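What follows is a single structure, written as structure tokens, with notes after it.
The values are calculated or read from the model by the stated rules, or taken from the named source; none is laboratory data. Model, not experiment: these values are computed from the prediction. Positions of Cβ are backbone-derived with ideal geometry, glycine not excepted, and every protein chain shown enters the neighbour counts.
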Amino acid sequence: MVLRPASATVEVVSHFPSDGTRKAPPTTKIMSSFSQPLEGAAEQLDIVVTDGTGVSVPGSLRFNGALDTATLQPTDRLKPGAYTVEVKLPDSSGTEKMLDSWRFQVKKPVNLANGNGGSLLLLADPGTRDSYLAEILRAEGLNSFDTVAPELVTADVLRSALGRHHRRS
């Protein structure tokens, strides 16, 4: 038995993230809103998210109270890269029909412990309170710095940092 919404024509009227989004966060939930409540057909809805290699992203599908919006919550955080979303629902003959398809990208996380390079060399032990020093520098508007763990400081590291900012004539 195929369960159908009240009207045979269901369309996706909006989705999230938008097609072509380039900087979706790794915690993104995929959403589709429909032109009408899915009612009994909600159990047949299929939202398939695949990564750039074609591997399906596992997750749980939930609906709002009106059954006109579905949200797929991925089981794990999405890894940086490209994703394709397909929304499918069987038609009156039971044949799976593609209602919508779009692509988005998850951005690479920014390492807040590193600066953009510059005139400051911040010595900070990873995993300690030292790592907050980079955040403090940024909050004060200082973005031109490099961060190095103290045990990695060598003459070459210092020469390299100095050479980028003080060129000899």
Which listed residue is within 14 Å of Ala42 (Cα to Cα), surrounded by 14 or more Cβ atoms within 10 Å (Cβ to Cβ) and modelled with pLDDT of 95 or more, from Thr71, Thr84: Thr71
Across segment 46-67, what is the number of residues that are farther than 19 Å from Ser18 by Cβ and not in a strand (DSSP E or B)? 8
On the given criteria, is Leu61 surrounded by 13 or more Cβ atoms within 10 Å (Cβ to Cβ) and over 23 Å from the mean Cα position of the chain (by Cα)? no
Being in contact with a strand residue (DSSP E or B) (Cβ under 8 Å, 6 or more places away or on another chain), closer than 30 Å to Thr147 by Cβ and either assigned to a loop (DSSP other than H, G, I, E, B) or not assigned by TED's automatic domain parsing to the domain that holds Tyr132 (or both) narrows it down to one of Leu72, Leu99, Leu89, Leu78, so name that one. Leu78
